[in-house]
Amino acid sequence: MTKEKTLPQPANTLAMAGDNTYNENSGQQYLAMEACLPLFESLGFGVNATFVDYGCSQGAASMAVMQRLVSQLPTNSTATLVFNDLPSNDFNSLIKLLPSIKSFDSTKVLYPCIIPNSFYNPIMPQSTVDVAFALSSIHWLRQVPPPKSTSESFEEFLRKRDSRNSAASHKDLVEFLNLRGREIKSGGKLIVAAPSPCADNEDGRITGNERLRCALFKAMESLIAVGKLPPNATAGIYPPNHVHTEQSFRAAINETKRIWKIEKAYSRVIPHPAYQAMLESQKGLRDIELQKAFERAYANTVVDWILAVFKPFMKSWWIEEGLDEEACEHVFQECSSLAKIEFVKNAGAQLPVAQDFIFVRLNRC
Ligand SMILES: C[S@@+](CC[C@H](N)C(=O)[O-])C[C@H]1O[C@@H](n2cnc3c(N)ncnc32)[C@H](O)[C@@H]1O
């Protein structure tokens with residue numbers, strides 16, 4: 001029997017949608033950061049500390065955590081604040097936020113710096129980091145998984161995607177933990193907020209997550225049907241990430257148990273804040289038209305939220321499939337508008353978009 005040859009997949013090089021778009025559309029990730037803050041309590045470090053954010057994006061969540069760490073510095077100390085992400089990340093938006101970190105004490109001196117490199121490479125010199133964190137980032141795979149095959153429906157692709165990517169995801173997480181193990185000092189901490197699969201339609205919780213993805217794909221299909229997008233436009237647009245279950249996360253920690261010990265861990269469901277905002281606005285309203293208007297506002301927010309992550313992958317794939325580069329932004333905007341309409345139509349906008357998260361503090365042995 002001949003073995004099927006598979007070509008090596010390229011490394012992922014694409015970051016989030018630029019021009020501050022991710023910062024403006026990451027309300028849910030911000031809530032995940034806030035839910036993680038208890039893990040930063042009562043941390044000890046000396047007068048010359050180094051803090052690193054792996055996968056900082058445009059910095060909105062990062063600044064809040066760095067501020068928290070800076071406020072815990074002793075007097076007469078210095079701190080190096082390291083912001084890491086892929087080279088394609090919009091670091092300009094992050095740089096504009098740096099002045100928001102205040103030391104409130106002239107005896108504390110801060111040295112922010114940026115390291116544009118994949119966190120699947122060494123980022124810091126050996127044993128130099130006191131506290132590191134990775135929020136909504138370690139589920140990003142090193143390599144881009146193969147695109148959806150033409151014989152598969154989108155639903156089928158989504159169903160099979162998890163099992164197809166689980167081996168790569170485990171290998172990547174172990175690699176990430178080993179690399180960070182070299183960089184973080186003995187006794188130092190690695191704090192992680194890791195998205196995990198939403199128990200969609202199970203345990204009585206029903207989310208709008210799947211309907212949101214379906215709305216996006218339906219929008220693309222209608223643009224394919226009228227020839228505005230290439231026929232295979234939906235196949236390779238899914239971002240290269242794979243969320244960890246608590247079990248798969250613990251399996252990777254277990255494989256690195258010589259260097260990492262779990263100090264604290266808890267799980268939470270993090271809803272998108274726009275859902276709660278919609279419910280508040282609709283409270284006591286009898287006017288159906290007004291209620292629908294708030295639903296549309298919710299749909300707009302969550303579609304913009306998902307697109308802040310998907311956009312670079314969509315545009316890059318569409319161009320690869322032959323879409324004219326100049327037409328691309330216009331078609332993207334059309335796709336966004338159609339997805340917003342579809343999310344209301346498929347009743348997704350009556351449901352909360354939410355994500356389960358695992359929050360963990362690891363101690364470097
Ligand atoms: C969903 S965003 C999370 C951003 C931020 N930490 C937050 O909590 O809002 C994921 C980030 O991980 C980054 N990322 C993905 N793969 C990466 C890699 N191999 N090396 C460094 N950063 C990576 C992405 O570019 C993106 O900025």
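The values are calculated or read from the model by the stated rules, or taken from the named source; none is laboratory data. The model shown is predicted, which means the values in this text are computed figures rather than measured ones. All Cβ positions, even for glycine, are placed from backbone atoms using ideal geometry, and neighbour counts span all protein chains on display.
Odds and ends about this structure:
- Sole residue being in contact (Cβ under 8 Å) with a residue 40 or more places away in the chain, in contact with a helix residue (DSSP H, G or I) (Cβ under 9 Å, 6 or more places away or on another chain), part of a loop (DSSP other than H, G, I, E, B) and among the hydrophobic types (A, V, I, L, M, F, W, C), chosen from 69, 43, 31: 43
- Selection count where residues are farther than 17 Å from residue 208 by Cα and basic (Lys, Arg), scope the range 326-365: 2
- Top-ranked residue in the range 143-176 [being within 20 Å of residue 313 (Cα to Cα) and of a type in the set (A, V, I, L, M, F, W, C); ranked as nearest to the ligand (Cβ to nearest atom)]: 144
- Residue in the range 106-114 that is under 22 Å from residue 38 (Cβ atoms), at pLDDT 95 or above and within 15 Å of the ligand (Cβ to nearest atom) present: no
- Hits in the range 203-236 - residues which are charged (D, E, K, R) and in a helix (DSSP H, G or I): 210, 211, 213, 218, 221
- Scan the range 287-304 for residues that are under 21 Å from residue 221 (Cβ atoms) and not small (Gly, Ala, Ser) and the total you get is 4.
- Any pair with Cβ under 7 angstrom, 6 or more apart, that starts in the range 14-25 at a residue that is under 13 Å from residue 86 (Cα atoms) and within 10 Å of the ligand (Cβ to nearest atom) and ends at one that is in a loop (DSSP other than H, G, I, E, B) and hydrophobic (A, V, I, L, M, F, W, C): 15/86
- Taking first residues from the range 117-140 that are under 17 Å from residue 43 (Cβ atoms) and partners that are near the ligand (Cβ under 7 Å from one of its atoms) and assigned to a loop (DSSP other than H, G, I, E, B), the Cβ contacts under 6 Å between residues at least 6 apart in sequence or on separate chains come to 134/55.
- Scope the range 115-142; condition within 16 Å of the ligand (Cβ to nearest atom), crowded, with 16+ Cβ neighbours inside 10 Å, outside any loop (DSSP other than H, G, I, E, B) and over 15 Å from the mean Cα position of the chain (by Cα); matching residues: 115, 129, 131, 132
- Filtering the range 219-231 to residues that are in contact with a helix residue (DSSP H, G or I) (Cβ under 9 Å, 6 or more places away or on another chain) and surrounded by fewer than 18 Cβ atoms within 10 Å (Cβ to Cβ) leaves 221, 222, 228, 230, 231.
- Test: residue in the range 77-99 that is farther than 26 Å from residue 273 by Cα, away from the ligand (no atom under 14 Å from the Cβ), part of a loop (DSSP other than H, G, I, E, B) and modelled with pLDDT of 95 or more: yes
- Test: residue in the range 318-330 that is within 23 Å of the chain's Cα centre (by Cα) and within 30 Å of residue 131 (Cα to Cα): no
- Residue check for residue 216: crowded, with 19+ Cβ neighbours inside 10 Å, away from the ligand (no atom under 16 Å from the Cβ), within 30 Å of residue 319 (Cα to Cα) and over 23 Å from the mean Cα position of the chain (by Cα): no
- Taking the conditions (1) away from the ligand (no atom under 16 Å from the Cβ); (2) part of a loop (DSSP other than H, G, I, E, B); (3) in contact with a Ser or Thr (Cβ under 8 Å, 6 or more places away or on another chain) in turn, residue 244 satisfies each one other than (1).
- Of residues in the range 46-66 being over 17 Å from residue 180 (Cα atoms) and part of a loop (DSSP other than H, G, I, E, B), the one nearest to the ligand (Cβ to nearest atom): 57
- The range 280-313: number of residues that are more than 29 Å from the chain's Cα centre (by Cα) and of a type outside the set (Gly, Ala, Ser): 10
- Any hit, the range 352-359, residues being surrounded by fewer than 19 Cβ atoms within 10 Å (Cβ to Cβ), more than 21 Å from residue 60 (Cα to Cα) and not acidic (Asp, Glu): no
Every residue, every condition in (1) crowded, with 16+ Cβ neighbours inside 10 Å; (2) of a type outside the set (Ser, Thr, Tyr); (3) under 21 Å from residue 55 (Cβ atoms), yes or no:
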| residue | (1), (2), (3) |
| --- | --- |
| 283 | no, yes, no |
| 292 | no, yes, no |
| 295 | yes, yes, no |
| 305 | yes, yes, yes |
| 312 | yes, yes, yes |
| 319 | no, yes, no |
| 324 | no, yes, no |
| 339 | yes, yes, no |
| 365 | no, yes, no |
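- Options 164, 159, 180: the member that is surrounded by fewer than 21 Cβ atoms within 10 Å (Cβ to Cβ) and over 30 Å from residue 298 (Cα atoms): 164
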